[in-house]
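The values are calculated or read from the model by the stated rules, or taken from the named source; none is laboratory data. Predicted model, so just to flag it, every value in this text is computed and none were measured. Please note: Cβ atoms are built from the backbone with ideal geometry, for glycine as well, and neighbour counts cover all protein chains shown. Each accessible area value is taken on the protein alone, full model and side chains, heavy atoms only, with ligands, DNA and RNA left out. Shrake-Rupley method; radii C 1.70, N 1.55, O 1.52, S 1.80 Å.
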Amino acid sequence: MRQIKIAQKLKVLLWTFTCCVLLALNSSAQNASGARKITGKIISNKGDAVEGATVSVKGTKNATTTDANGTFTIYAATGETIVVSYVGFTAVETKLTGSTSSLNISLKEDFASLNDVVVVGYGKMKKTDLSSSQVTVTAADISKTVNTTFDQALQGRAANVYVSSNSGQPGAASSVIIRGISSLTGSTQPLYVIDGVQIKPDNPADDLYNHPSGFSNILSGINPDDIETMNILQGPSATAIFGAAGANGVIMITTKRGKAGETKISLNTLWTIQDRPDYIPVMNLPEYAKYRNEIAKVGGTASDPTFADPSVLGEGTNWQAALFRRTLLQKHSLALSGGTDKTNFYFSGEYFNQDGIAPGSGFSRASARLNLDNQTRKWLKIGATLSINQTKEKVNTTNAGIISLAIQQNPSIPVKNPDGTWGGPSTTQFQFSNPVALANLYHDYNKASSFIGGVYADITLMKGLVLHNEANGSYEYYNSYQFHPGYNFNGYVVPSTSASSARAASNNFWWNFNTRLQYDTRINKHAVSAMIAHESQSWGYESLSGSRLNFVTYAVEELSGGDQTTSIANSGRGDGAKESYFGRVNYTYNDRYILQGTYRYDGSSNFGTNKQWGSFPSVSVAWRVSQENFMKNIHAINDLKLRVEYGLSGNSNAGGIYAKLQAVPTGWGTGFLSQNFANPNLQWESDKTLNVGFDLHMFNNRIEVIADAYIKKIDKLLTTNPYAFYNGGDISYSPGYISWPTTNVGSMENKGFGVTVNTVNISNKNFEWKTGLNFSLDRNKITNLLTPINYAYAASQAEFLTEVGQPASLITGYIAEGLFQDYQDIQNHAVQASSGVISPQQGTWVGDIKFKDISGPDGKPDGIIDHNDRVVIGNPWPKYTFGFNNSFSYKRFDLNIFIVGSIGNDILNYSRYQNELGTGPFGNYLKSVSNFAIPSSYNLADSGTVTLTNPGYAIPRIAPGDPNGNNRINQWDIESGSYVRIKNVSLSYNFPNHMITKLALKGLRVSANVQNLVTITKYKGYDPEVGMVNYGGTIMAGVDTGRYPSVRMYCFNVVADF
Amino acid sequence: MKPILKYTIIIAGVAFLQSCKKDFLNRPPIDQVTSGNFYKSDEEVLAGTAPLYNIVWFDYNDKALLAFGEARGGNLNSNDRTAYIQFKTSSTDQSTLLPGYKSFYKIVAQSNLTMQNINNAVGSTASTTIKNMGLGECHFMRAMGYYYLVNNWGAVPIIYDNIGQLSNNNPRNTIESVWQFIIMDLRFAADNLPATPYQQGRLTKYSAEGMLAKMYLTRSGLNASEGARTQSDLDSAKYYAADVINNSSLSLLPKYNDLFTSANNNSSNNNKESLFALQWMPVATPWGVNNSFQAYLAFDPKITQTGDGWGAAQGGSADLVKYFINNPADSIRRKATIMFQGDYYPELDQKDGGTNVTNNYIANIKKFVIGSPADNGGKGAFMAAYVNTYMMRLAEVYLIYAEAIMGNASSTSDAEALKYFNAVRERAGMPDKSSITFDDIFQEKRVETALEGNAWYDIMRLYYFNPAKAKAYTAAQDKGNYTINYNAGSSPRTWTVVYTPEYYGLTDQTVYLPYPEAEMVAAPSLAEPPVPFDFSKLP
């Protein structure tokens, strides 16, 4: 009841305020008398006509925009001031004198664009009035790289925004982490606000063991070309206005809108060749045969008779070469934008298709967008943002683990038999399937159709007072298809009874209503901007799925073709809601002192009635030092602003207040079993952030420095808390499990700073050189936790530890000290084998890995190698990351070089670990394994004399059954993940008008670029960009489990404007 | 002015009123039942205990049954259970040790929560009989969880209230406390379960009594020595076994082989010999209601026809093979338990005319290997064989009865004891005995229940009162590889077996499994000495 009362109270307040304002209304009608026709032309500093510049009469609503020739016509009277403004240029004011009727104005490039208006949460603000930390990524930045989805364009563009992709699977979502992770078991991804539509994606998931059915999310439906700006809100004062949703940072995405003037038609076409990756070196057939013979020699699986003389064998199959191919990525888009002084529109359509470098993978998208604005009355403006899209992702490759399989399958198996049928091993057990065949035979894909959009109405009640109403929504209809036929590859058999088809359909929706009253005024030196608002949101999903087995024919992939008795059907539904009241006051005195306060009161359906509502206040101050009189003489400094902000945001991304039951089929009908430990006292997570920073512009704005440092303290962490297993729960699905309760136990701290330096090094009429550098450093530390969270990947030796005093999710393992050289070496060392004996068959032997005895049950070395000797061996989080952009323009040529880097992070190369250790005798090994340790004897009787015949390598001896436990993950499996990558180099040419007018073109730009040109790294896997994924409910970072590689791309791009 | 006002009011009104619904923020799950609105009727109580017969046992059946019960029990030769066969299980084993450990505490937790939910149901219309029966089922299942825990890890924490005790500081309780707890739970079950199953396959009073007989028989040796087992426990074992034998109306199936066919032993049709069996479904969704046993053990995918059948390297231990080679008369049980080269099984892979066994490097497993869905009325799927897992059969109660009668004597010729001991043998085609010793009964039970997950627990029973003998027994079991070749034309059939003997006995240090590493990290208190359980805390 309490929250309803408060809600009502707030509503009464709001109404009272509205009414007062209405009473105070006065006519804002204006009319210029004595106006005459003024015509003119606007040109840029390079002499080009500027299209779309706004020409207005100061202090009136009288405005127009320039046409394609840069010309305009406006009515104004003597004494009035004509203002010309255009994005990226300094506004020019010209007072009309005498009888001037024609104006030719040349604009000067404004490197800082300080007068720009930027998007903030629930509103817009002049850049100079900002008192919180936020960064803008523009359409120009986005267009400089080849992006399947727009989140990829964020990489390296903004300080303290760590973008990594865990998979090169086309369309796969990237992980975007702003200012360090702020959750251990929930999503760490930011809130995306796309023209008012709020989307909070989950952490991407992609691992062989627990793979999802799809890798893209609803964001992948957005055409990156439609985006005008991405504003990344980082500071607490900027994010707190989003209250419970703002804790991970907010990315405000504004799509393009039309401008008054002649309709602009832009055609953009892109062709890209994607290259093959560099192959992981694995054994060829002679090497493999030799190794198999060795396995047999030491008592392992018998070798193949044809391997008797490896020297006569050919190279065998190179599975990676057989799998990977060069493929095409193409994108064609058409955009029309334009309008009148009353109505403007932006319409675009796009077709995008990317074939994966591995068969059976790919992503395509068709999208259309219509953005409309209409000044219906002087006091009313309405508009709509409508976008629809359809995406399709092919996921055979990832679903069947085909890339790992291509590394694992041994070279004696042919891709195809001489008769053209698929090759395979002669038996099924312990063997591997044919990855190339599976990539072609499986038919797994997902289709999504979605709508994202909204409508708004702005009512100007009086000058400066606007009532803004908007309704936004997103709707996604998702279909997943999987068809796995039976097959027989030479004897490797999956029977037709196991042929399976699975279908799933789901739809989900989100909508909000937002009403806000915005008042802006300026009285002498006092400028006030105030906003009060209400928002309600609701979301939900429905799903339906089914599967069948046993297909008589593979011609029909639908369920109807399968055996009805194997039919399984399921459905699910869920919903949620949030209601919020919030406001913001921004007060600026004399353009020098800025004070901003925000407050949000959020109610969420994720919490029980007694903890449903949470408050999120923030305050920020800024001082524009450069406006002070004592600074006026320091001409080098154009602008200097110091900022301090403090605020509280939150996270409500959790469920678990209800004790749900899981349905279980039994012999007596459906049964029900507890599914989770309920926690009815669940409440808001609180994220308190202190941020200090400054913005500095120097030397005619040719140097811009933006620096921010922050401390973010996260308390009452919403964490799925794993207790000791004797409490009966589990962290991820296991049969009959009870999921651990979501609790508010735990705290962590993120500290960091980011610096952005943009400079214009050279600028003259023909040549310009600009650089942009951003540098970020984020440190995460757990400060409180009930129990360390320790989990193992795929029930293996790869374990990850989150404990107090350390960053989250560190890689743990043993320390390898080398290989045992002789008997004494083993005897003098701690006991390693679980059998405790020195023996070639049943224990430790020469050539086994020697692990360091670090600790025991009493905290001291105890002469036994066991879990007490496990230590942290890798930190997956980078020490720092940076992005470095250089753009050169010479006459009509533009050259852009974009470099990104991530330094100091460790990667557990699980793929190498697996393929060095081996996946049985029938799997292939890495080439490096050829240098395995060879003891002089495998006979227990020779223990006195046995030595290592080939010292100097780190690959242990062949030991069937691994009695020494050489499979313990150790620091040899950890590699540096540091890399510096020339992400993109592009060269483009803008054709001059005289060359293209005959073609009815107004602009023509051709460019060629190379993406992922060079990567400098010591990492041995395909790609050092190993991101972070959600693994069974927790964060798993820095593990390469056979990543889908990102590859070099060669692109050719034409942009034609009509 | 006026229109502005009008539109403003309309738009603002719409915007502000849209969320005035009182329940806007209350969103209970709409596709799932919650405990707060369930367990209220007879049907709901029964549906609440039904899953305790399958999904919670999956990990036990999938991993622990063979690794803990048979590999350590000396009946199994297997390429991927070496650590268990050789008593060198590592605490870091994530694939078998951890899921096994978790499974027993899952059974305990689900039983506890269901018990609480039945007791706390608001506005319940369920009858007292059904409520008591449901509670009886929960107590029974919880006792089974602790039975496996105490036998595999010794002293373990007793969790009786999963919400109230949710923490990492619960101490281990003594082995004695755990046994007392098990017996208390089973006595509750015996008092509250019906004499005849409410639905076929459900637990009865006699299921609980059969288990009580087994528990008392085992506990009689705890802290005792050979010839001095606790007499009152032996008497209790005898009492409960006798009640099951005389009053339950259960009976042995006439043919041993029939016990392990789907037709006689599935969740829709439990047989007259079964006291408690895990009730598996012929589907694998959700994962865990399925019996994955055959998937791992059938030696060829042709047998299962569902894409599984990975058991080429799994079979009977050399020691078990030796018994059957030395006792050719025990051929009925032999052929139903492990396959020898030259055997022919017409019931497996019927569409190809049955299965001929050609493997000579191992004697693959037959028990619970039932063939393809087509061989079993169309029921079954990938890793989902439609056959129940016995947790107790009447034959075992017969043997318990015989041992309880014998008690602390070194042998017995008691007519009752012999009657039931010989009943088991007669069905197997084995000659009667006129006097039996502990070793006779021990051996009989081992062969009768081989590969049903029982062997280790009998060894533990022996270890309680005669650890030296238990160690010697395991140390003498040959666990090496062997080859087995059918002597063509021999009748009765004989085989030539070549052994490569390997011996691994248990020690006082390896008799219990290590706590999983992950568990020790989460709950270091498990390294502390165990404390007696305070039974007054129980509700």
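Centre-to-centre separation between the Cα atoms of the stretch A:564-602 and those of the stretch B:457-513: 66 Å. Computed from Cα positions, the angle between helix B:205-219 and the longest principal axis of chain B comes to roughly 60 degrees. Legend: distances between Cα atoms for B:K102/B:K351; B:K40/B:K379; A:K124/A:K751; B:K131/B:K419; pairs beyond 31 Å are B:K102/B:K351; B:K40/B:K379; B:K131/B:K419. Counted as membrane-span-like here are DSSP H helices of chain A whose alpha-carbon atoms extend 15 Å or more along the helix's own axis and whose Kyte-Doolittle mean is -0.5 or above; these are A:2-23. Shielding value for B:28-40 is 6, the average number of Cβ atoms from other chains within 10 Å of each residue's Cβ. Please compute how much accessible surface disappears when B pairs with A, both sides summed, using a 1.4 Å probe, and round it to the nearest 100 Å². In total, this chain pair buries about 7900 Å². Working note: 222 nm ellipticity from helices only, DSSP H runs with n ≥ 4, each -39,500 (n - 2.57), summed and divided by the residues of the protein assembly as shown, gives -5500 deg cm²/dmol to the nearest 500. Within the shell defined by Cβ-Cβ distances under 13 Å, the residues around A:Q842 carry a net charge of -1, with Lys and Arg each +1 and Asp and Glu each -1. Scanning residues 5 or more positions from A:G356 or on other chains, those with amide H under 5 Å from its amide H are A:S361, A:G362, A:F363, with H placed 1.01 Å from N in the peptide plane. Computed from backbone phi with θ = phi - 60° and the Karplus coefficients 6.51, -1.76 and 1.60, the 3J(HN,Hα) list for the stretch B:509-518 is 7, 9, 5, 9, 6, x, 5, x, 3, 4 Hz; x is used for glycine and proline. Across peptide B:525-537, the average count of Cβ atoms from other chains found within 10 Å of a residue's Cβ is 0. The aspartates and glutamates whose alpha-carbon is closer than 19 Å to the alpha-carbon of A:K770, local same-chain residues fewer than 8 away aside, are A:E109, A:D110, A:D141, A:D695, A:E704, A:D894.
Just so you know, the Rg over Rh for the stretch A:490-534 is 1.74, from Cα atoms, with Rh as the Kirkwood radius.
Rounded to the nearest 20 debye, the dipole size of chain B about its Cα centre is 1080 debye, using +1 on the Cβ of Lys and Arg and -1 on the Cβ of Asp and Glu. Quick one: pull the percentage of alpha-carbon pairs in the stretch B:17-159 with a separation above 27 Å. When every Cα pair of the stretch B:17-159 is considered, 41 percent fall beyond 27 Å.
Give, as a single signed number, the net charge of other residues whose beta carbon lies under 12 Å from the beta carbon of A:G576, with Lys and Arg counted +1 and Asp and Glu -1. With Lys, Arg at +1 and Asp, Glu at -1, the neighbours total +2.
Counting only Cβ charges, +1 for Lys and Arg and -1 for Asp and Glu, the dipole size of the protein assembly as shown around its Cα centre is about 6060 debye.
Rounded to the nearest Hz, the phi-derived 3J(HN,Hα) couplings of the stretch A:35-47 under the Karplus curve 6.51 cos²θ - 1.76 cosθ + 1.60 (θ = phi - 60°) are 6, 10, 6, 10, 10, x, 9, 10, 10, 7, 5, 8, x, where x marks glycine and proline.
Per-residue packing, averaged as other Cβ atoms within 10 Å, sorts the ranges A:807-814, A:824-831, A:78-85 into the order A:807-814, A:78-85, A:824-831, beginning with the highest. The heavy atoms of A:K781 offer some 90 square angstrom of accessible surface to a 1.4 angstrom probe. Computed from the alpha carbon positions, the gyration tensor of the stretch A:153-237 leads to an equivalent ellipsoid with semi-axes of 21, 17, 13 Å, biggest first.
Please state, to two decimals, what the Cα-based radius of gyration of the stretch A:393-518 comes to when divided by 2.2 N^0.38 Å (N = residues).
So the Cα radius of gyration is 1.87 times the expected 2.2 N^0.38 Å.
Computed with a 1.4 Å probe over protein heavy atoms only, the accessible surface of chain A comes to 38 Å² per residue.
What ratio of Cα Rg to 2.2 N^0.38 Å holds for the stretch A:510-651?
After normalising by residue count via 2.2 N^0.38 Å, the value is 1.92.
Taking θ as phi - 60° and the Karplus parameters 6.51, -1.76 and 1.60, the scalar couplings of the stretch B:282-291 work out to x, 10, 10, 10, x, 4, x, 8, 9, 9 Hz in sequence order, x denoting glycine and proline. Taking 10 °C and 1.306 mPa s as conditions, chain B diffuses translationally at an estimated 64 µm²/s according to Stokes-Einstein applied to its Kirkwood radius (Cα pairs).
So what's the angle, to the nearest 10 degrees on a 0 to 90 scale, between helix B:97-120 and the longest Cα principal axis of chain B? For B:97-120 against chain B, the angle is about 50 degrees. Accessible area per residue (1.4 Å probe, heavy atoms of protein chains only) ranks A:R548, A:R522, A:R326, A:R1043 as A:R326, A:R522, A:R548, A:R1043, with the largest value leading.
Measuring max minus min along each principal axis, the C-alpha atoms of the stretch A:566-647 give extents of 82, 36, 15 Å (largest first).
What percentage of all Cα-Cα pairs in the stretch A:363-416 are separated by more than 18 Å?
Details: 926 of 1431 pairs.
Counting pairs separated by more than 18 Å, the tail of P(r) holds 65 percent.
Each of A:S547, B:S232 has its accessible area taken with a 1.4 Å probe; listed largest first, they run B:S232, A:S547.
Over all Cα atoms in the stretch A:896-980, the spread is summed up by Rg and Dmax: 17.6, 69 Å. Peptide A:566-576 is shielded by partner chain Cβ atoms: per residue, an average of 4 of them sit within 10 Å of its Cβ. Of the cross-linked pairs A:K58/A:K342; A:K297/A:K850; A:K331/A:K416; A:K927/A:K983, those separated by over 26 Å at the C-alpha level are A:K331/A:K416; A:K927/A:K983.
Rounded to the nearest 10 square angstrom, A:D591 shows an accessible area of 50 square angstrom against a 1.4 Å probe. Atom-type composition of the exposed protein surface of the protein assembly as shown places 55 percent of the accessible area on carbon and sulfur (1.4 angstrom probe).
Since only A:A709, A:S834, A:S734 are under comparison, the one whose Cα sits farthest along the positive direction of the charge dipole of the stretch A:706-864, derived from C-beta charges on Lys, Arg, Asp and Glu, is A:A709. For the stretch A:931-976, the percent of C-alpha pairs falling in each 5 Å distance bin, counted from 0 to the bin holding the largest distance, reads 5, 18, 22, 27, 16, 8, 3, 1, 0. Kirkwood's formula applied to the C-alpha pairs of the protein assembly as shown gives a hydrodynamic radius of 36.7 angstrom. Once the Cα atoms of helix B:438-448 and of chain B are each reduced to a long axis, what angle between those two axes, in degrees from 0 to 90 to the nearest 10, is obtained? Value to nearest ten degrees: 60.
Compactness check for the stretch A:702-743: Cα Rg over 2.2 N^0.38 Å is 2.21.
Cross-link partners for A:K264 among the lysines, with Cα-Cα distance under 16 Å and sequence neighbours closer than 8 places in the same chain left out: A:K256, A:K1002. Taking 7 Å steps out from each Cα toward its Cβ at A:Q824 and A:L773 produces label points 5.6 nm apart.
Using heavy-atom solvent-accessible surface (probe 1.4 Å) with all chains present, what is the largest-first order of B:T196, A:T881?
B:T196, A:T881
For the stretch A:190-283, what class follows from the C-alpha gyration tensor (a ≥ b ≥ c being the square roots of its eigenvalues): rounded when a/c is under 1.5, otherwise prolate if a/b is larger than b/c, else oblate? Judged from the Cα gyration tensor, the stretch A:190-283 comes out oblate (a/c at least 1.5, b/c at or above a/b).
Simple rule: put +1 on each Lys or Arg Cβ and -1 on each Asp or Glu Cβ in chain A, find the dipole, and look at A:L819, A:N967, A:G603; the Cα lying farthest toward the positive end is A:G603.
Within 11 Å, Cβ to Cβ, of A:D708, how many net charges do the neighbouring residues add up to if Lys/Arg are +1 and Asp/Glu are -1? Overall, the nearby charge balance is 0. Based on the Stokes-Einstein relation at 10 °C and a viscosity of 1.306 mPa s, and on the Kirkwood radius from alpha carbon pairs, the stretch A:574-703 is assigned a translational diffusion coefficient of 83 µm²/s. Semi-axes of the equivalent ellipsoid for the stretch A:44-113, computed as √(5λ) from the eigenvalues of its C-alpha gyration tensor and ordered from largest down, come to 20, 13, 11 Å. Distant-in-sequence amide contacts of A:L103, defined by a placed amide H-H separation under 5 Å and a gap of 5 or more residues or a different chain, comprise A:T39, A:G40, A:K41.
Checking the Cα-Cα distances for A:K144/A:K381; A:K860/B:K479; A:K381/A:K447; A:K852/B:K88 against a 30 Å cut-off, the pairs over it are A:K144/A:K381; A:K860/B:K479; A:K381/A:K447. For A:G1003, the amide hydrogen comes within under 5 Å of the amide hydrogens of A:D1057, counting only partners 5 or more places away or on other chains and with H modelled in the peptide plane. Placing one equal scatterer on every Cα of the stretch A:339-466 and applying the Debye formula, the log10 ratio I(q)/I(0) at q = 0.13, 0.16, 0.23 Å⁻¹ is -0.70, -0.87, -1.24.
With the gyration tensor restricted to C-alpha atoms of the stretch A:261-392, the semi-axes of the equivalent ellipsoid amount to 62, 15, 9 Å, longest first. Take B:M406: with every protein chain present and a 1.4 Å probe, its accessible area is about 10 Å².
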